[in-house]
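A.B. asks: If you scroll down you'll find the structure; I have some questions about it.
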Amino acid sequence: MLRYAAARALHAIPLVLGIVTVAFAIVHLVPGDPGRIQLGPRATEASVRTLDHRYGLDAPLLQQYVTFLRGAIQLDFGDSFALHASVVSTIASRAAASGLLVLYSVLVALVLAVPLGIATAVRQRRLLDHGVRLTGMVLYAMPPFWLGLLLSLAFGLKLGWLPTSGYESSFGGALRSLTLPALTIGLIVAPLFVRTLRASVIETLTAPFVESAQARGLGRRRVLYRHVLRNSSIPLVTLVGLVTGFLISGTVIVENVFAIPGLGQLLVTSVSARDFPVVQGLTVVFGVAVIAINLLTDLAYAVLDPRVRL
Amino acid sequence: MLRGKRTAGVRLLMFVTVMVAMATAAGCGGSSSTNGDGSASIFTGGTPGGTPVRGGTLVFARSVEPASLDPLAMTDPGSEWVNWQIFDQLVEYLPGAWVPRPGLATSWTVSDDARAFDFVLRRGVKFSNGDPVTAEDAAYSIKRLTSPINANASILGKTLKSVTVTGPDSIHVELTKSTPAFLYYLGGVQASIVPKHMLERIGEKRFAEAPIGSGPFAVKRWQRGKSLDLARNPHYWRSGQPYLDGISFRLTPDSNARILAVRSGQADLADNVPFSQIASLQHVPNATPLIERLAAVSTEIFNDGKAPFSDVHVRKALNYATPREQIVKAVYRGYAEVANSAIPKTSEWDPDVKPFPYDLAKARAELKSSSEPDGFSMTIGIASGDPDVKLIATILQDSWGRIGVRARIAQTDFGTLATKYFAGDYEFDVFPSDAFATDMPVPDVIGGLLYDYGNGHAAGSNYNSPQAIALTARATTTADPAERRQLWSKLQRLTYTTDAAFLPLGFLPARTLAGKRVHGFETLQSGNWRMERVFLR
């Protein structure tokens with residue numbers, strides 16, 4: 001397994017290089033002068049040129065790319081044009097919030113989805129099954145900003161149980177301030193997990209080993225959670241990996257609604273401000289994160305199913 | 001288990017239920033609100049005053065965060081209004097009449113030709129680190145107005161010739177030509193007094209991260225993307241002030257989140273309350289929407305250098321075909337005044353200039369006299385993510401369509417819109433509501449930008465009128481107050497009525513939501529807040 005992980009890490013290097021090159025090209029191709037955007041309409045051409053020179057934007061594109069790559073190898077992505085701080089420190093200051101939010105959201109989704117997925121599979125086409133699937137469709141269709149606001153209104157304003165917005169960096173404070181955002185994302189993502197697990201469990205329930213386990217007198221709960229769930233988990237693990245990778249940068253709307261200083265929001269504001277160093281730095285981070293999540297997903301297969309050889 | 005036809009019936013019921021639920025969920029949003037009455041009494045003023053109470057930290061949920069804490073470097077609202085709490089200027093603006101008052105300068109004299117200024121500095125003032133504020137600091141700070149990092153250097157520093165220290169508490173400023181508005185410039189945040197030796201020692205970059213000023217508050221902690229915490233400046237020169245122990249500016253981009261934060265007591269103030277929510281917020285128990293006078297106007301821009309917008313008859317036709325009253329009602333919910341000027345109301349604003357009436361007959365007549373008598377197609381450029389701007393564009397598209405002008409709305413991100421705008425690659429752009437605001441009581445800065453083609457091509461509008469250029473040059477340099485007023489009035493009529501150079505819509509107010517415990521808070525016309533006067537009770 002370790003050898004597999006190391007080989008995958010090596011393979012990731014050209015992949016990340018490719019992602020970064022494409023991102024560099026796209027960002028620089030989009031119209032927009034960072035100096036002009038920052039200084040606004042009142043600035044003279046001389047002021048804009050001074051700022052562009054300070055950022056190295058008047059250098060040839062290839063030179064800018066080489067400078068960027070050289071810095072990236074040393075994990076130095078330069079300074080943010082808009083924030084006037086190092087890209088590494090800017091990303092690091094927001095990575096914790098984003099990381100916690102993603103993990104918390106996936107945990108919420110799994111806590112809801114696993115028992116419901118099994119229950120609806122076992123009670124196919126009964127009231128619980130219809131109710132869960134109908135509720136799931138409504139939640140999945142609901143715009144995240146709207147669901148977030150509803151939850152904020154209910155639990156933050158009306159009941160006063162949780163903060164309506166903001167992020168506290170202490171562990172307890174982070175859990176408290178991320179509960180509503182995580183619930184928002186978790187409720188939208190959970191229906192996907194429920195349906196996937198439900199289909200997989202239905203299929204597994206017809207397997208001969210289930211019948212034989214029941215024939216041996218094993219309890220229903222033990223059969224379901226120890227044998228059926230484990231054998232039904234591969235599709236769910238795949239989906240969890242894909243969703244987690246997406247959520248790394250895809251939580252921007254929820255971050256916006258709840259004022260969470262996360263990486264998604266940083267990406268949107270940096271693209272808007274043509275803050276090239278931050279966009280490029282974030283691309284590397286997201287690329288590495290997705291590759292790492294994919295690797296963990298593959299490793300999880302091997303843990304769940306001993307027949308899988310890496 | 002249900003089977004057969006009953007199963008199909010259940011499925012149909014489920015489908016219908018889901019569709020209704022989705023439509024309800026997707027369609028709901030915002031809050032229902034009633035229109036403002038659109039009368040002159042839209043202004044509420046600030047929060048109540050009373051006997052100040054010392055203590056407490058005020059939490060301010062803000063829509064934007066500072067880009068830089070160097071007062072010279074940035075003119076965005078996120079930076080500017082925060083920097084005003086950290087720094088002082090030689091002259092300052094207070095609630096009430098919007099005129100320069102003694103700040104770090106206790107008195108001044110201005111030569112008859114408005115080319116020479118002498119300032120006597122306030123004694124005993126210290127920066128927040130305990131260092132004294134000296135005449136060298138004042139001179140250094142004024143000289144910085146010419147720095148290339150100053151986005152307004154083309155105006156604020158344009159006529160600055162020299163600044164010399166004439167005594168331990170006095171400085172002398174010489175200009176290359178008469179600039180009566182220069183005194184007003186010194187009340188702007190970019191003319192903030194900064195510690196010379198510290199800046200020279202650590203450099204502008206580090207200073208912008210951890211600045212030192214003599215204002216009522218000092219930077220305690222700045223967490224980019226999250227919050228900026230200020231603490232009381234123990235050396236502040238106003239005895240007994242500030243009353244607050246500190247201010248925490250919390251970045252909260254979503255307007256609903258800002259409002260909920262104040263309503264739940266998590267925050268005390270929230271800025272940029274959406275127009276659509278003002279009426280409903282007037283009925284909530286523990287928060288009050290404040291609508292206050294602001295020097296801001298919603299002005300949309302033709303590309304005056306590009307056909308057919310280079311034709312004054314086309315511009316006049318579109319101005320006549322713009323339903324301003326409808327826009328004030330539909331977009332600003334009555335909380336705006338129809339604008340009769342492309343620049344905000346300042347000291348030289350002429351109230352007697354008549355706004356363009358909504359008159360389709362006149363619009364068609366102007367179009368018939370123009371280079372496009374049979375109408376034409378055009379593109380309205382807007383930035384994505386702003387519902388007010390989208391609504392304005394939609395109303396214009398509909399109304400202009402009735403005179404034969406077929407407009408397509410093109411949405412792009414703000415960066416692309418701005419780049420195309422400054423490259424002259426646009427026809428007509430609708431900007432966010434706060435795009436044309438000024439922190440100066442005088443029109444010289446914003447008028448100089450918009451009316452003078454030599455200044456960045458009239459702020460990118462390409463309005464090139466030799467008459468406007470000449471009038472602006474005279475208006476910004478005459479030392480005769482009566483002549484100044486007359487010239488600015490002429491400019492207003494020329495640019496608005498005669499040339500219809502732009503499409504002004506409405507004068508806009510400051511919109512803040514205040515929690516019950518906030519007292520003494522007020523937004524000045526410049527957009528600034530005098531937070532040293534605010535207290536919590």
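What follows is calculated from the coordinates using simple rules that are stated; it is not laboratory data. What you are looking at is a predicted structure, and each value in this text was computed from that prediction instead of being measured. Here Cβ is always computed from backbone atoms with ideal geometry, including for glycine, and neighbour counts include all displayed protein chains.
A.B. asks: Would you mind giving the mean number of other chain beta-carbons within 10 Å of the Cβ of each residue in B:219-226, as a whole number?
C.D. replies: 5
A.B. asks: Could I ask something else about it? Principal axes first, then extents: for the Cα atoms of the protein assembly as shown, list largest minus smallest coordinate on each axis, whole Å, largest first.
C.D. replies: Over the protein assembly as shown, Cα extents along the principal axes are 107, 67, 62 Å.
A.B. asks: Provide the percentage of antiparallel DSSP beta bridges, counting only those with both residues in the protein assembly as shown; round to the nearest 5.
C.D. replies: Percent antiparallel among DSSP bridges in the protein assembly as shown is about 75.
A.B. asks: Starting from the Cα of B:Asn286, move 7 Å in the Cα-to-Cβ direction to define the label point; list residues of the range B:490-515 whose amide nitrogen is under 19 Å from there.
C.D. replies: Those under the cut-off are B:513-515.
A.B. asks: Another question, then. Counting other C-beta atoms within 10 Å, which of B:Thr523, A:Thr238 has the fewest, and how do the rest follow? If you can, show how the numbers build up before the last one.
C.D. replies: Working: B:Thr523 23, A:Thr238 16.
The order, fewest Cβ neighbours first, is A:Thr238, B:Thr523.
A.B. asks: Setting aside same-chain residues fewer than 8 positions from B:Lys205, which aspartates and glutamates have a Cα under 15 Å from its Cα?
C.D. replies: Cross-link targets: A:Asp79, B:Asp70.
A.B. asks: While we're here: For the pair A:Asp58 and B:Ser384, what calculated FRET efficiency results from E = 1/(1 + (r/R0)^6), where r is the Cβ-Cβ distance and R0 = 30 Å, to the nearest 0.05?
C.D. replies: For R0 = 30 Å, the calculated efficiency reads 0.55.
A.B. asks: What's the exposure ranking of B:Tyr496, A:Tyr225, going from fewest to most Cβ atoms within 10 Å?
C.D. replies: The order, fewest Cβ neighbours first, is A:Tyr225, B:Tyr496.
A.B. asks: Treating only the Cβ of Lys, Arg, Asp and Glu as charged (+1, +1, -1, -1), what charge dipole size does chain A show about its Cα centre? Round to the nearest 20 debye.
C.D. replies: For chain A, the charge dipole is close to 1420 debye.
A.B. asks: Can I ask one more? Return one number: the angle in degrees, 0 to 90 and rounded to the nearest 10, between the long axis of the Cα atoms of helix A:45-54 and the longest principal axis of the Cα atoms of chain A.
C.D. replies: So the helix axis and the longest Cα principal axis differ by about 60 degrees.
A.B. asks: Using a Förster distance of 45 angstrom, determine the FRET efficiency expected from the C-beta separation of A:Thr206 and A:Ala7, and round it to 0.05.
C.D. replies: Here the calculated transfer efficiency is 0.75.
A.B. asks: Once you have a ≥ b ≥ c as the square roots of the Cα gyration tensor eigenvalues for the range B:341-384, tell me rounded if a/c is under 1.5, and otherwise prolate or oblate according to whether a/b is larger than b/c. Display every interim value, and only then the final one.
C.D. replies: Values: a/c = 3.14, a/b = 1.47, b/c = 2.13.
It is oblate, given that a/c is not under 1.5 and a/b is not larger than b/c.
A.B. asks: Take the Cα atoms of chain B, build their convex hull, and give its volume per residue in Å³.
C.D. replies: Each residue corresponds to 183 Å³ of Cα convex hull volume.
A.B. asks: Okay, next question. State whether the range B:323-474 is rounded, prolate or oblate according to the following rule on the C-alpha gyration tensor (a ≥ b ≥ c being the square roots of its eigenvalues): a/c under 1.5 gives rounded; otherwise a/b larger than b/c gives prolate, and the remaining case gives oblate.
C.D. replies: On the way: a/c = 1.30, a/b = 1.26, b/c = 1.03.
Rounded, because the longest to shortest axis ratio a/c is under 1.5.
A.B. asks: Loop only per DSSP, at most 15 neighbouring Cβ atoms within 10 Å: give me the trypsin sites (Lys or Arg not before Pro) in the range B:107-154, ordered by residue number. Please list the in-between numbers first.
C.D. replies: Values: sites: B:Arg115, B:Arg122, B:Arg123, B:Lys126, B:Lys143, B:Arg144; in loops: B:Arg115, B:Arg122, B:Arg123.
Hits after loop and neighbour filter: B:Arg123.
A.B. asks: Ok, one more. Which lysines have a Cα lying under 30 Å from the Cα of B:Lys306, excluding residues fewer than 8 positions away in the same chain?
C.D. replies: By straight Cα distance, B:Lys306 reaches B:Lys158, B:Lys316, B:Lys345, B:Lys354, B:Lys362, B:Lys368, B:Lys390, B:Lys420, B:Lys490.
A.B. asks: Rounded to whole Å, give me the distance from the Cα center of the range B:458-493 to that of the range A:243-268.
C.D. replies: The range B:458-493 and the range A:243-268 have Cα centres spaced 48 Å from each other.
A.B. asks: Would you mind ranking B:Asp434, B:Asp425, B:Asp271 by Cβ crowding within 10 Å, fewest neighbours first? Display every interim value, and only then the final one.
C.D. replies: Numbers: B:Asp434 18, B:Asp425 12, B:Asp271 22.
Sorted ascending by nearby Cβ count, the order is B:Asp425, B:Asp434, B:Asp271.
A.B. asks: Roughly how many nanometres apart are two label points built 7 Å out from the Cα toward the Cβ at A:Val66 and A:Leu103?
C.D. replies: Label-label distance for A:Val66 and A:Leu103, simple model: 4.2 nm.
A.B. asks: Whole Å is fine, so just give me how far the alpha carbon centre of the range B:192-237 lies from that of the range B:131-148.
C.D. replies: Centre-to-centre (Cα) distance: 15 Å.
A.B. asks: Which of the lysines could be linked to B:Lys516 by a straight reach, that is with a Cα gap under 30 Å, when you skip same-chain ones fewer than 8 residues away?
C.D. replies: A:Lys158, B:Lys220, B:Lys226, B:Lys329
A.B. asks: If a/c stays under 1.5 just call it rounded; otherwise compare a/b with b/c (prolate if a/b is bigger, oblate if not). Do that for the range A:166-299, with a ≥ b ≥ c from the square roots of the Cα gyration tensor eigenvalues.
C.D. replies: prolate
A.B. asks: Show me, bin by bin at 10 Å from 0, the whole-percent P(r) of the range A:232-277 based on Cα pairs.
C.D. replies: For the range A:232-277, the pair-distance distribution reads 26, 37, 24, 11, 2.
A.B. asks: Per the Kirkwood formula on distinct C-alpha pairs, the Rh of the range B:385-528 is how many angstrom?
C.D. replies: Evaluated over the range B:385-528, this radius sits at 17.8 Å.
A.B. asks: Please compute the Cα-Cα pair-distance distribution of the range B:409-461 with 10 Å bins starting at 0, giving whole percents from short to long.
C.D. replies: Per 10 Å bin, starting at 0, the Cα pair percentages come out as 22, 49, 26, 3.
A.B. asks: Which value in nm describes the separation of the simple spin-label points at B:Phe43 and B:Ala116, placed 7 Å from the Cα toward the beta carbon?
C.D. replies: Simple spin-label model gives 3.9 nm for this pair.
A.B. asks: Let me ask something additional. Taking all pairs of different Cα atoms in the range B:247-312, averaging 1/r and flipping that mean, what Kirkwood radius in angstroms comes out?
C.D. replies: Taking every pair of different Cα atoms in the range B:247-312, averaging 1/r and inverting gives 14.8 Å.
A.B. asks: What percentages make up the Cα-Cα pair-distance distribution of the range B:330-417 when the bins are 10 Å wide from 0?
C.D. replies: Per 10 Å bin, starting at zero, the Cα-Cα P(r) for the range B:330-417 comes out as 14, 33, 38, 15, 0 percent.
A.B. asks: I want to check the label-to-label distance for B:Arg402 and A:Ala292. Put each point 7 Å from Cα in the C-beta direction and report it in nm to one decimal.
C.D. replies: My value for the distance between the label points is 6.0 nm.
A.B. asks: Another one. Please build a GNM for chain A, connecting alpha carbons under 10 Å apart, and tell me which residue among A:Arg216, A:Arg195, A:Arg226 fluctuates the most.
C.D. replies: Most flexible of the set in this elastic network: A:Arg216.
A.B. asks: While we're on this one: Mean residue ellipticity at 222 nm from the helices of chain A, using -39,500 (n - 2.57) per DSSP H segment of n ≥ 4 over the full residue count, to the nearest 500 deg cm²/dmol?
C.D. replies: Values: 13 runs with 227 residues, N = 310.
Rounded to the nearest 500, it is -24500 deg cm²/dmol.
A.B. asks: With a Förster radius of 51 Å, plug the Cβ-Cβ distance of A:Asp76 and B:Ala361 into 1/(1 + (r/R0)^6) and report the FRET value to the nearest 0.05.
C.D. replies: Computed FRET efficiency for A:Asp76 and B:Ala361: 0.20.
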